[in-house]
Each structure stands twice: as C-alpha cells, then as structure tokens.
Amino acid sequence: MLLGKVIGSVWTTQKEKGMEHVKLLIVQPVNSMKESVGNIVIAMDRIGAGVGETVIITQGLPAQKLTNEKNSPIDAAITGIVDSFEVK
Amino acid sequence: MLLGKVIGSVWTTQKEKGMEHVKLLIVQPVNSMKESVGNIVIAMDRIGAGVGETVIITQGLPAQKLTNEKNSPIDAAITGIVDSFEVK
Amino acid sequence: MLLGKVIGSVWTTQKEKGMEHVKLLIVQPVNSMKESVGNIVIAMDRIGAGVGETVIITQGLPAQKLTNEKNSPIDAAITGIVDSFEVK
Amino acid sequence: MLLGKVIGSVWTTQKEKGMEHVKLLIVQPVNSMKESVGNIVIAMDRIGAGVGETVIITQGLPAQKLTNEKNSPIDAAITGIVDSFEVK
Amino acid sequence: MLLGKVIGSVWTTQKEKGMEHVKLLIVQPVNSMKESVGNIVIAMDRIGAGVGETVIITQGLPAQKLTNEKNSPIDAAITGIVDSFEVK
C-alpha cells in the first residue's frame, strides 16, 4: 500500500459500468516526511476520507476485490485513514 | 486510477485475439495541474471519449475485467470522462 | 497498453515451464513522438511482429491470459502491429 | 520481490473491511548497497518484523493471496526477514 | 518480462508460508546494452541460474502461477537463462 494525502475530488457523468455511485478522491502519494512523491492517484473512497487527511491507498486487483463486483474497473481504493505513524 | 488527457488514436490491422473492434485511444497521464507526467498509455474506449477530454484511466486486470472476455489482453481502459475536478 | 518499437530478439535454452516455443522479442517503449522512454520489455509475439515495427504491448495478467495456459509465466505480449497513429 | 528496510509503523482507526487486526509497517525499498531507492511501501506483517530489519516485500495480488480472504485489500506484505545476502 | 543480470543471493529464516525451500536470487534489471536500469528484484529461481548470467524475469501474478500453489506470495521469478540476444 502507499501513504498519501487527499487533495481533492473528481466528478464524471459519462462513465463505464461499475463506476456509478463511486466516490472518487484525488490522492497525492507522500513519503515518510509527508512530502509529495510521484503522480496523483484517483482512488475510490468508501470510508469517509476528506481533503487534508493522510490515508492508505491500495492499488491493483486487491482494490477491485473490495467492490465484490466481478467486472468492476476500480484499480485503487482508500483502505485506511491514518491516525498516526511513527518513523525511527 | 490515473487522470489523463486524450491526445490521439491508434490503428492496427494485425492484432491478437480480443483486440478486434476495440477502439484504442492515446492518453497522456496528467497531474492535478493538468501537466503531462510520465509516458502515454494506450487505452480501450467504450464510452465515447474524444481528443482533448480529461479522462480517468483504469490499468491492469480491473481494466481487462470490463471486457467480460476470459482471455482479453486489454490492460488499460478509459472508465470516466471528467466533468470537473477540484483540488484544495 | 504501451506503444513500443521492436528492436531485437532473445533466445533461451534453460527455461521455465510455459516458456517453450514462445517467440520473445525485445521492445523499446516509446512516446507519441516515437522517442524511447523507459527500459526495454521482453514480450511474447504470436502475430509476426518484426524488428523496426511499432507495436502495442500488453503487460501483466492480461498478457498471460492470452496463452490460455493456467500456469504460464508470460507477463508481456505484443497485441497489435501499429498501421498508423494520430496525435493532435 | 523487493529488498527493504523496516523504518516504522502506521495506525488507522477508520478502515476498509479486511484491514482489521492487520499490522502495518513502513518499509523503505533499498538496493544491494542497502541504500534507499524509491518511495516507502506500507506492508502487512505477520512474521514479526521489527524496525531496522532488512526484509523481503511481496507486492500485488500475490501478497493479497497470503490472507486467504477473497476480498482482502492487502497489496503488499513482508514475506521474509533477511538473515544475510551476498552480492558478487 | 525484464532482462536482468543475476548478482547475488538472499537467505531468510523467518518467512511467510509459501516461501519455504524457495531459492531467491538478486537480479539487476538491464537494458539492451546490459547496463543496469532501476532497482534490484528478488526473484525465485527453479532453473539453476547463477551469478553473472543474463536472465529473463517475470513479475506479478504470472510469476506466482508458476508455483501452482494457491496462496504463494511469489511475485517474481527467473523464467529463462539467456543464451544470446540480438539488437538491431
């Protein structure tokens, strides 16, 4: 999984099957100093994450499996809102 | 998923099984400032995306699953046409 | 999928199950200007691609599924030979 | 798999199904000189890895399969604690 | 698949299920000039590859499928030892 910071939202009208009623957030991956690293990820959110929060992002088929829909095209999801993290 | 901008089209005659009658667009991934980031992606389009539009791209097996064909070699698809997005 | 240019061939004698009788080509990913981007990919070819041709490359499990063999270790395949592409 | 060094821990309260009771560690990928390369990975740990240890990280669906839960959103796991490695 | 050069070995005692009795080699991806590109990959070897040899590496679920174990956490494997390759 990646560590990221929620920075915004995306809205679509024209979309593929399995994308209806999916809340999509824009997440910026960060390093252990909370500095931006790499390009943004568009991730499904089902746990109520909000802009400014640090989150855990799952990518690929493990994110798709969350939907429990055989043909869902979701390839990224927010799977945790980070309370705290510690780096030594 | 990635955010991207449709920049063109690709045509092939000689192709693998599962690529017949698939509309392929060239998509340039972008960041939250709509600046190009990384290399282009060739993505299946079934929702009528056009050059210049900002889209959402799904990659990997979740894109393949959209086809509902067991052996389809699709690994990227346009899964939403972006109406608007907001970054704070 | 990626856009790439076929630049060579690879031969192996000692190999894993599922790699026998597989034609492997060396493909250099390119951008929309046909400039090289990133490292080479070794891809299965079943459609007769040749050195110098521009091709479409599928990566990951969607490439493996083409083989229709449950345990094939193929993770990249040439899935189209490009006739033309247009970037606006 | 990647070689990495465990550098910390992450805690979440709000989380997706399948993330409950999962110990998450922050791992920094390293090269063969044990120098940091690329961004951190958040990985599931079930084998008792600790901060400072060099570990092997599995990514993607092979990590998810370890959980033996159909819909688990785990996409990275520590799959070995390195005793020693030798580079020639 | 990637082209790589075997540069070493890794040993672990504490490990996940499915990692027992797996020979793990350290492989450095290379380009068509045999120059190092990107970070090392830890790959399963079942075909007797040795340090200094040029090999083909399969990544992701196609590598896992080689094991024929449902829950194996292998995400990279050496699938060919390169006899020769030709770049034009």
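Every condition in (1) open to solvent by 40 Å² or more (accessible area, probe 1.4 Å); (2) at the interface with another protein chain (Cβ under 8 Å from one of its Cβ atoms) is met by C:Met33 except one, and the failing one is (2). Among the residues of the stretch D:78-88, those identified as crowded, with 23+ Cβ neighbours inside 10 Å and over 16 Å from E:Ala63 (Cα atoms) are D:Ile78, D:Gly80.
Consider A:Asp75 carefully, then state whether it is under 19 Å from D:Ser9 (Cβ atoms), facing another protein chain (nearest Cβ under 7 Å) and open to solvent by 10 Å² or more (accessible area, probe 1.4 Å). In short, no.
For beta carbons closer than 8 Å, sequence separation of 6+ or different chains, a first residue in the stretch C:19-41 that is under 29 Å from C:Asn68 (Cβ atoms) and a second that is part of a loop (DSSP other than H, G, I, E, B) and charged (D, E, K, R), the qualifying pairs are C:Lys23/C:Asp45; C:Lys23/C:Arg46; C:Leu24/C:Asp45; C:Leu25/C:Asp45.
Out of all the residues in the stretch D:58-75, which are touching a strand residue (DSSP E or B) at 6+ places or on another chain (Cβ under 7 Å) and touching a residue at least 40 places away in the same chain (Cβ under 8 Å)?
In the first step, residues of the stretch D:58-75 are kept if they are touching a strand residue (DSSP E or B) at 6+ places or on another chain (Cβ under 7 Å); the result is D:58-59, D:63, D:66, D:73-75.
Once the filter is applied, which keeps residues that are touching a strand residue (DSSP E or B) at 6+ places or on another chain (Cβ under 7 Å) and touching a residue at least 40 places away in the same chain (Cβ under 8 Å), the stretch D:58-75 yields D:Thr58, D:Gln59, D:Pro73, D:Ile74.
Only residues that are more than 7 Å from chain B (Cβ to nearest Cβ) and loosely packed, with under 14 Cβ neighbours inside 10 Å were counted across the stretch C:56-72, and they come to 2.
Please go through the stretch C:1-11 and pick out each residue that is in contact with a Phe, Trp or Tyr (Cβ under 9 Å, 6 or more places away or on another chain) and within 13 Å of chain E (Cβ to nearest Cβ). Within the stretch C:1-11, C:Gly8, C:Ser9, C:Val10, C:Trp11 qualify. For the stretch A:36-55, filtered to residues that are over 27 Å from D:Ile7 (Cβ atoms) and more than 14 Å from chain B (Cβ to nearest Cβ), the residue that is least open to solvent (accessible area, probe 1.4 Å) is A:Gly48.
May I ask you to list the residues in the stretch E:19-30 that are more than 7 Å from chain D (Cβ to nearest Cβ) and either open to solvent by less than 30 Å² (accessible area, probe 1.4 Å) or of a type in the set (Val, Ile, Thr) (or both)? So that I can check it myself, show each step before the final result.
Here is the first cut: in the stretch E:19-30, the ones more than 7 Å from chain D (Cβ to nearest Cβ) are E:20-25, E:27-30.
Answer for the stretch E:19-30, where residues must be more than 7 Å from chain D (Cβ to nearest Cβ) and either open to solvent by less than 30 Å² (accessible area, probe 1.4 Å) or of a type in the set (Val, Ile, Thr) (or both): E:Val22, E:Leu24, E:Leu25, E:Val27, E:Gln28, E:Pro29, E:Val30.
The set of residues in the stretch D:1-53 being β-branched (Val, Ile, Thr) and over 24 Å from A:Ala77 (Cβ atoms) consists of D:Val6, D:Ile7, D:Val30, D:Val37, D:Ile47, D:Val51.
Would you pick out the residues in the stretch D:76-88 that are β-branched (Val, Ile, Thr) and either on the phi > 0 side of the Ramachandran plot or touching a residue at least 40 places away in the same chain (Cβ under 8 Å) (or both)?
So in the stretch D:76-88, the residues β-branched (Val, Ile, Thr) come out as D:78-79, D:81-82, D:87.
Within the stretch D:76-88, D:Ile78, D:Thr79, D:Val82, D:Val87 qualify.
Could you tell me which residue of the stretch A:2-18 is most open to solvent (accessible area, probe 1.4 Å), considering only residues that are over 10 Å from the mean Cα position of the chain (by Cα), of a type outside the set (S, T, N, Q) and under 21 Å from D:Lys15 (Cα atoms)? Even if it seems obvious, please write down each step before you answer.
If we filter the stretch A:2-18 for residues that are over 10 Å from the mean Cα position of the chain (by Cα), which is where we start, we get A:7-18.
Among the residues that remain, those that are also of a type outside the set (S, T, N, Q) are: A:7-8, A:10-11, A:15-18.
Filter once more, so that each one left must be under 21 Å from D:Lys15 (Cα atoms): A:7-8.
Values: A:Ile7: 26, A:Gly8: 2 Å².
Result: A:Ile7.
The values are calculated or read from the model by the stated rules, or taken from the named source; none is laboratory data. Since we're looking at a predicted model, the values are computed, not measured. Methodologically, a virtual Cβ is constructed for each residue, glycine included, from the backbone with ideal geometry; neighbour enumeration extends over all protein chains shown. Please note that ligands, DNA and RNA were not included when accessible areas were found on the heavy atoms of the full protein model with its side chains. Shrake-Rupley method; radii C 1.70, N 1.55, O 1.52, S 1.80 Å.
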